[in-house]
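Peer 1: What follows is a single structure, and I will ask about it in a moment.
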Amino acid sequence: MVSSLKGRDFLSLADYSREELLFIIETARVLKERFYSGERIIPLLPGRHLAMIFEKPSTRTRISFETAMRELGGDALYLNWRDLQLGRGETIEDTARVLSRYVDGVMARVYEHDKLVRLAEYSSVPVINGLSDLLHPAQALSDIYTIMEKKGRDISRLRIVFIGDGRDNVLHSLLLGIGILGGKLVISSPKGYDPDPMVVEWFEEKAAPNGGSYEIIRDPYEAVKGADVVYTDVWVSMGQEGVREKKIRDLEPYRVTVELMKLAKPGAVFMHCLPAHRGEEVVDEVIDGPWSIVWEQAENRKHVQKAILALLIP
Ligand code: CP
Ligand code: NVA
């Protein structure tokens, strides 16, 4: 039994219990079903406003949160970090206090994760992580929803394999979310690209007690054998342009190719949070091929975020 989530922040999946994550997922399922049966507007948040602060670019996160708010009867404001007084040195703490007087929720995409923590500490309204260098929880929860839609609700019996950068923000959130739900994530990444120790600590505390586990297999061909889900993300995340050449060199053996996908289980799916750097982490024949569910995956961002917004915003 889940008590109300109203007023809660959504900074990390590690802040949520297994039951709470399943409750959000079930709410998303109902909202998506109602959307497809013709209820384009479900006014659960009439007159509510979401401020959306972006320190980095975005296509999916911006548009899916904005349309989600409108379809819930509310509205959303796109705020570029540089155009706010934040860009001229107004503190995050002062900004948080002021925003809380105007809006009912704040979604922010930032570089350093700590900026979100400070925003949340000084906001009296819920703060939602729209991606930080460390985590991307709205993406990962939506991806888990997509996996359940395709492969059934018991993810503990699935072989879910992430190939690429083991310190990636999306990977970190998938690791936490899948683990809290009692599943296992296989990570195939080179030496020096293992998950951030802070995330591993959260995993040990929140996921391991639920039966969650992970395994690092350096050889991508070994890792992908019998996979139900093969997931990858870009090798060079936003803000990492300075180490682009090194990362591309290191991650070169971890490209998702047709040869690799053929080792997965028949019926396996390919996932990518997008945007994709075609030809780098994945080839066209995979992302455009029979395995790919990336467009449905992108769509589900809106349905799952609707559930997050409807449940958290007072
Ligand atoms: N997947 C994702 O968050 O995409 P955007 O960067 O376009 O928001
Ligand atoms: N890891 C990528 C995810 C983009 C949605 C990045 O941070 O750029």
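The values are calculated or read from the model by the stated rules, or taken from the named source; none is laboratory data. Note that the structure is predicted; figures quoted are calculated from it, not measured. Neighbour counts are summed over all protein chains in view; Cβ atoms, including those assigned to glycine, are modelled from backbone coordinates with ideal geometry. Heavy atoms of the whole protein, side chains included, go into the accessibility calculation; ligands, DNA and RNA do not. Shrake-Rupley method; radii C 1.70, N 1.55, O 1.52, S 1.80 Å.
Peer 1: Restricting the search to segment 144-181, which residues are hydrophobic (A, V, I, L, M, F, W, C) and not in a helix (DSSP H, G or I)? Spell out how you get there, then give the answer.
Peer 2: Step one: list which residues in segment 144-181 are hydrophobic (A, V, I, L, M, F, W, C), which gives 144, 147-148, 155, 158, 160-163, 170-171, 174-176, 178, 180-181.
Passing the criteria: Leu158, Ile160, Val161, Phe162, Ile163, Leu181.
Peer 1: Report, by residue number, each residue of segment 105-120 that is open to solvent by less than 60 Å² (accessible area, probe 1.4 Å) and within 16 Å of ligand 1 (Cβ to nearest atom).
Peer 2: Hits for segment 105-120 are Met107, Ala108, Arg109, Val110, His113, Leu116.
Peer 1: Looking only at residues that are in contact with a Leu (Cβ under 7 Å, 6 or more places away or on another chain) and part of a loop (DSSP other than H, G, I, E, B) in segment 191-209, which one is most open to solvent (accessible area, probe 1.4 Å)?
Peer 2: Restricting to residues being in contact with a Leu (Cβ under 7 Å, 6 or more places away or on another chain) and part of a loop (DSSP other than H, G, I, E, B), the top hit is Asp196.
Peer 1: Just one of (1) closer than 24 Å to Ile178 by Cβ; (2) surrounded by fewer than 24 Cβ atoms within 10 Å (Cβ to Cβ); (3) of a type in the set (Asp, Glu) trips up Asp143, so point out which.
Peer 2: (2)
Peer 1: Test Tyr78 against the stated conditions and say whether it is at pLDDT 95 or above, touching a strand residue (DSSP E or B) at 6+ places or on another chain (Cβ under 8 Å) and open to solvent by 30 Å² or more (accessible area, probe 1.4 Å). Explain how you work it out, then say what you get.
Peer 2: Numbers: at pLDDT 95 or above: yes; touching a strand residue (DSSP E or B) at 6+ places or on another chain (Cβ under 8 Å): yes; open to solvent by 30 Å² or more (accessible area, probe 1.4 Å): yes.
Judged against the criteria, Tyr78 is a match.
Peer 1: Being open to solvent by 10 Å² or more (accessible area, probe 1.4 Å) and within 16 Å of ligand 2 (Cβ to nearest atom) is true for just one of Arg62, Arg18, Arg8. Which residue is that? Quick ask: steps written out before the conclusion?
Peer 2: On the way: Arg18 fails: within 16 Å of ligand 2 (Cβ to nearest atom); Arg8 fails: within 16 Å of ligand 2 (Cβ to nearest atom).
Only one candidate qualifies: Arg62.
Peer 1: Additional query: Please count how many residues of segment 146-180 are more than 16 Å from ligand 2 (Cβ to nearest atom) and either open to solvent by 10 Å² or more (accessible area, probe 1.4 Å) or within 25 Å of Arg255 (Cβ to Cβ) (or both).
Peer 2: Pass one, segment 146-180, residues more than 16 Å from ligand 2 (Cβ to nearest atom): 147-161, 178-180.
From the residues that got through so far, the ones that are either open to solvent by 10 Å² or more (accessible area, probe 1.4 Å) or within 25 Å of Arg255 (Cβ to Cβ) (or both) too are 147-154, 156-161, 178.
So the count comes out to 15.
Peer 1: Checking Val256 against (1) open to solvent by 10 Å² or more (accessible area, probe 1.4 Å); (2) more than 30 Å from Phe35 (Cβ to Cβ); (3) within 16 Å of ligand 2 (Cβ to nearest atom); (4) β-branched (Val, Ile, Thr), which single condition isn't satisfied?
Peer 2: So Val256 meets the others, but not (1).
Peer 1: If we keep just the residues of segment 232-253 that are aliphatic (A, V, I, L, M) and within 16 Å of ligand 1 (Cβ to nearest atom), which is most open to solvent (accessible area, probe 1.4 Å)? Reasoning before the result, please.
Peer 2: Taking segment 232-253 as the starting set, the residues that turn out to be aliphatic (A, V, I, L, M) are 234, 236, 238, 243, 248, 251.
The next check asks that each one be within 16 Å of ligand 1 (Cβ to nearest atom); those that pass are 234, 236, 238.
On the way: Val234: 14, Val236: 13, Met238: 68 Å².
Per the criteria, the residue is Met238.
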